[in-house]
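The values are calculated or read from the model by the stated rules, or taken from the named source; none is laboratory data. Remember, predicted model here, so these are calculated numbers, not experimental data. Note that each Cβ is placed from the backbone with ideal geometry, even for glycine, and that neighbours are counted across all protein chains shown. Just so you know, the surface numbers come from the protein's heavy atoms only, side chains and all, with ligands and any DNA or RNA stripped out. Shrake-Rupley method; radii C 1.70, N 1.55, O 1.52, S 1.80 Å.
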Amino acid sequence: MKKKTVPAIRSMKDEHRKIVMVTAYDAATARMIDEAGVDIVLVGDSLGNVVQGLPNTLPVTIEDMIYHTRIVSRGIENAHLSADMPFMSYQASKEEALRNAGRLVKEAGAESVKLEINEDYVDTVYAINKSGIPVMGHIGLCPQSVLEMGGYKVQGRGKKEAGRLLGLAKAIEGAGAFSLVLESIPRSLAEEITDSISIPTIGIGAGPGCDGQVLVINDLLGLSPEPTPKFVKKYAELREIVGKSTRAFIEEVRSGAFPSEEHSYD
Ligand code: KIV
């Protein structure tokens with residue numbers, strides 16, 4: 001398989017080939033999903049919830065993102081590696097945004113950065129992209145805005161809000177982003193945005209009309225505690241398997257059945 005570059009990902013839209021993106025937070029998982037053939041590995045700031053046990057992504061720092069992106073990069077050969085810019089790593093000023101985007105590339109090996117964007121940060125997308133760092137936008141439900149939204153709710157319902165998101169998507173395309181994540185918006189709006197811009201859309205909770213789909217690895221593998229959002233499809237039940245295997249180990253250690261001859265040295 002060939003390395004997935006930004007131009008290669010962009011051209012997948014024109015060729016009507018669906019883009020597959022999955023999150024990873026460590027080298028071992030990154031290696032498995034890279035070998036399975038995903039197009040993009042995203043080091044999401046969802047690591048706050050998934051790895052750090054936090055209630056939301058707000059406390060995740062740029063140092064956390066650099067650490068996890070660096071270790072994920074060691075597991076990747078073919079997939080494109082994108083890293084989230086965490087809350088308050090790009091909001092204070094364009095200069096700070098550029099410095100932090102640069103750190104993710106220079107110190108951690110990211111090949112693009114992802115930003116949750118509203119109208120105030122379109123210029124930041126332009127500035128980062130102009131510096132030579134590809135940008136993936138993220139609109140709709142933006143988890144970094146959880147305090148403002150008052151929870152994790154479907155976005156873009158109603159004509160006015162749908163129009164705003166469509167305009168924002170076009171502005172992000174105009175600012176030079178190479179792709180756009182659409183999270184938790186009605187499928188009809190996701191289709192309209194996808195048809196209206198030339199860069200690929202990657203949906204999560206945005207229906208089948210997007211140019212690609214993304215899931216958090218822990219959700220995909222059935223490792224996340226219930227309840228998971230409606231858009232999650234579990235392709236395995238690893239939480240159950242981890243519990244069952246650990247209980248079997250506990251029982252065998254306590255009964256003396258483990259280690260047996262087979263697992264002991266002479
Ligand atoms: O942080 C994350 O994992 C994300 C994806 C769910 C798109 O932003």
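Candidates in the stretch 34-49 are the residues that are part of a helix (DSSP H, G or I) and more than 13 Å from the ligand (Cβ to nearest atom); of these, the one that is least open to solvent (accessible area, probe 1.4 Å) is Asp34. The residues in the stretch 223-266 that are open to solvent by 100 Å² or more (accessible area, probe 1.4 Å) and either of a type in the set (Phe, Trp, Tyr) or closer than 30 Å to Val154 by Cβ (or both) can be counted, and the count is 9. Residues that are more than 14 Å from the ligand (Cβ to nearest atom) and either charged (D, E, K, R) or surrounded by 23 or more Cβ atoms within 10 Å (Cβ to Cβ) (or both) within the stretch 183-193 comprise Arg187, Leu189, Glu191, Glu192, Ile193, listed in sequence order.
Filtering the stretch 93-125 to residues that are in contact (Cβ under 8 Å) with a residue 60 or more places away in the chain, among the charged types (D, E, K, R) and part of a strand (DSSP E or B) leaves only Lys114.
Within 16 Å of the ligand (Cβ to nearest atom), polar (S, T, N, Q), more than 23 Å from Ile76 (Cα to Cα) and part of a helix (DSSP H, G or I): does that describe Ser145? In short, yes. The residues on offer are Ala108, Ala97, and the sole one that is in the same structural domain as Asp26 (by TED's automatic domain parsing), within 25 Å of Ile199 (Cβ to Cβ) and surrounded by 23 or more Cβ atoms within 10 Å (Cβ to Cβ) is Ala97. Tally up the residues in the stretch 1-32 that are surrounded by fewer than 24 Cβ atoms within 10 Å (Cβ to Cβ) and in a helix (DSSP H, G or I), please. Final tally of qualifying residues: 13. Residues being farther than 21 Å from Asp39 by Cα and away from the ligand (no atom under 15 Å from the Cβ) are represented in the stretch 196-207 by at least one member.
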